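Beneath this line is the structure, given in structure tokens, with notes to follow.
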Amino acid sequence: MTTILLIRHGEVEGITPPRFRGRTNLALTKRGITQAEQTRDAISDRWVLNAVYCSPLTRCVRTADAIASPFKLDVMPHHGLNDIDYGTWQGKLLTEVAQRWPNELTTWHSAPHTMRLPGGESLYEVLARATDALQTILHANHHGTIAIVAHDSVIRLLLCHALGLSPASYWLTSPSPCGISDLHFHEDRFTIHSINETQHLTERE
């Protein structure tokens with residue numbers, strides 16, 4: 001059996017007010033660094049990690065580095081875990097997109113699986129590369145516990161995959177910065193033990 005910890009990266013600029021960050025390479029905020037450290041401590045108290053994988057973007061690499069440090073593991077970036085390509089929406093505030101692409105934004109919020117983001121990816125394309133990455137990771141880790149640090153878009157779709165749901169259920173989950181989802185994989189089947197644990201995150205002044 002393999003235990004898979006899906007972890008969203010720590011806080012970055014652009015979460016509030018909401019901005020379509022996508023492939024923009026953002027650093028963790030001060031709060032994001034604290035979240036990564038708290039997640040490191042929570043994981044090291046409960047699990048022994050055998051491997052840590054992440055998206056190649058800085059916010060995921062830095063979060064993964066923190067999580068891997070107690071176990072003396074090298075973080076392994078995987079391009080299949082990269083954030084969704086928002087195309088022409090990337091870098092824009094939600095309010096800007098609402099003004100310029102009102103119909104497309106309505107579809108994105110109501111039926112995201114039916115569209116390709118203008119100049120960017122569809123959810124099915126993200127799902128394909130993310131599940132390919134997951135299969136590669138599972139093939140290399142038949143036993144033990146692995147951490148995967150990625151983006152909310154990737155985690156939403158991997159949870160849909162594990163639950164046997166289509167991308168039509170994209171909005172069913174809402175991964176928080178440094179939230180932990182605990183999945184087990186055994187005999188070609190996923191078991192979900194928790195989704196988006198955040199009790200380890202506390203504000204520190």
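The values are calculated or read from the model by the stated rules, or taken from the named source; none is laboratory data. What you see is a predicted model, and the numbers here were worked out from it, not measured in a lab. All Cβ positions, even for glycine, are placed from backbone atoms using ideal geometry, and neighbour counts span all protein chains on display.
Within the range 91-150, which helices (runs of 4 or more DSSP H) (wholly inside it) include 3 or more residues that are within 30 Å of ILE67 (Cβ to Cβ)?
Helices (runs of 4 or more DSSP H) meeting the threshold: 123-140.
Output the residue which, of all residues in the range 16-42 that are among the hydrophobic types (A, V, I, L, M, F, W, C), touching a Gly at 6+ places or on another chain (Cβ under 9 Å) and in contact (Cβ under 8 Å) with a residue 60 or more places away in the chain, is surrounded by the most Cβ atoms within 10 Å (Cβ to Cβ).
ALA36
Does the range 143-161 contain any residue that is at pLDDT below 95 and either out of contact with any Lys or Arg (no Cβ under 6 Å at 6 or more places or on another chain) or over 24 Å from PRO56 (Cα atoms) (or both)?
Yes, the range 143-161 has at least one match.
Output the number of residues of the range 60-87 satisfying the condition of being in contact with a helix residue (DSSP H, G or I) (Cβ under 9 Å, 6 or more places away or on another chain), assigned to a helix (DSSP H, G or I) and not basic (Lys, Arg).
Qualifying residue count, the range 60-87: 13.
Of everything in the range 172-202, what is surrounded by fewer than 15 Cβ atoms within 10 Å (Cβ to Cβ) and either part of a strand (DSSP E or B) or touching a residue at least 24 places away in the same chain (Cβ under 8 Å) (or both)? Give them in sequence order.
Hits for the range 172-202 are HIS186, ARG189, THR191, ILE192, HIS193, SER194, THR202.
Six or more apart or on different chains, Cβ atoms under 7 Å: show the pairs whose first residue is in the range 57-76 and within 14 Å of HIS9 (Cβ to Cβ) and whose second is among the charged types (D, E, K, R).
Listed by first residue and then by second, the contacts come to LEU57/ASP83; ALA66/GLU37; ALA66/ARG40; ILE67/ARG40; VAL75/ASP65.
State which residue is surrounded by the fewest Cβ atoms within 10 Å (Cβ to Cβ) when the search covers only the range 102-116 and only residues that are under 19 Å from GLY14 (Cα atoms) and without any contact (Cβ under 8 Å) to a residue 40 or more places away in the chain.
LEU105
ARG23 - would you say it is basic (Lys, Arg) and outside any helix (DSSP H, G or I)?
yes
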